[in-house]
Amino acid sequence: QVQLVESGGGLVQAGGSLRLSCAASGLSFSTYAMGWFRQGPAKEREFIAGISWNGDRTRYTDSVKGRFTISRDNAKNTVYLQMNTLKPEDTAVYYCAAEPSRVGVPVQGYDYWGQGTQVTVSS
């Protein structure tokens, strides 16, 4: 079955950096668009970054543009989220998701989800 396993979360001070990884199995990874979402305390889950199946297109929500970078390694079936200049408002559970799309970078409608990894940014 499809599994998405996130790692790399943790506690970091404001201004610091973290790199999240999401290892995928049970799917043809190189045919899937991948996304990162987050859900903060008492907030709805939101799309923050996505990458097309071949990595040639990316998409970000405004609040993370210029600070976060999504990338993928299809040989390793892994998608990454490099997070720099972290702020307390970035505190959330971060999820990766997969969508069998070869058209653009979807912001919703993802089929498969990981279990999430906690990111806490202290002020």
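The values are calculated or read from the model by the stated rules, or taken from the named source; none is laboratory data. This is a predicted model, so every value here is computed, not measured. Cβ atoms come from the backbone with ideal geometry, glycine included; neighbour counts cover every protein chain shown. Areas reflect the complete protein model, heavy atoms only, side chains present, ligands, DNA and RNA absent. Shrake-Rupley method; radii C 1.70, N 1.55, O 1.52, S 1.80 Å.
Cβ under 13 Å from ARG102's Cβ, ARG102 left aside: what net charge do those residues give with Lys, Arg +1 and Asp, Glu -1? Before the final figure, lay out each step's value.
Working: positive: ARG57; negative: ASP56, GLU99.
So the environment of ARG102 carries a net charge of -1.
Once you list every other residue whose beta carbon is under 15 Å from the beta carbon of VAL2, what net charge do they have if Lys and Arg are +1 and Asp and Glu are -1?
Numbers: positive: none; negative: GLU6, GLU99, ASP111.
Taking every other residue near VAL2 into account, the sum is -3.
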Worksheet item: Taking the chain as a Gaussian network, Cα atoms linked when under 10 Å apart, which of ALA98, ALA75, ALA33 shows the biggest mean-square fluctuation?
Response: ALA75
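What FRET efficiency do you get for LYS65 and GLN115 if R0 is 25 Å and r is their Cβ-Cβ distance, rounded to the nearest 0.05? Don't skip to the answer; put the middle values down first.
Numbers: r = 27 Å, r/R0 = 1.06.
With R0 = 25 Å, the Cβ-Cβ based efficiency is 0.40.
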Worksheet, complete the sentence: Computed Rg/Rh for the chain (Cα atoms; Rh = Kirkwood radius) stands at 0.94
Discussion item. Along the Cα→Cβ direction, 7 angstrom out, place labels at VAL2 and ALA75. What is the inter-label distance in nm?
Written reply: 2.6
Worksheet item: Exactly which trypsin sites (Lys or Arg not before Pro) in region 22-54 are in a DSSP loop and have at most 12 other Cβ atoms within 10 Å?
Response: LYS43
Worksheet, complete the sentence: Sparse-neighbourhood loop hits (GluC sites (Glu not before Pro), region 25-94; DSSP loop; Cβ within 10 Å at most 15 others) -> GLU44
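Report the relative contact order of region 17-79, percent, no decimals, based on alpha-carbon pairs under 8 angstrom and at least 6 residues apart.
Numbers: 82 pairs, mean separation 21.2, N = 63.
Worked out over region 17-79, it gives 34 percent.
With a Förster radius of 22 Å, plug the Cβ-Cβ distance of GLN13 and GLU46 into 1/(1 + (r/R0)^6) and report the FRET value to the nearest 0.05. Please list the in-between numbers first.
Numbers: r = 23 Å, r/R0 = 1.05.
So the FRET efficiency works out to roughly 0.40.
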Fill in: FRET efficiency estimate (nearest 0.05) - Cβ-Cβ, LYS87 to GLN108, R0 25 angstrom
0.55
Worksheet entry | Rounded accessible area per residue of the chain, 1.4 Å, Å² | 49
Discussion item. With a 1.4 Å probe and all protein chains left in place, how much of the accessible area of the chain comes from carbon and sulfur atoms, in whole percent?
Written reply: 45
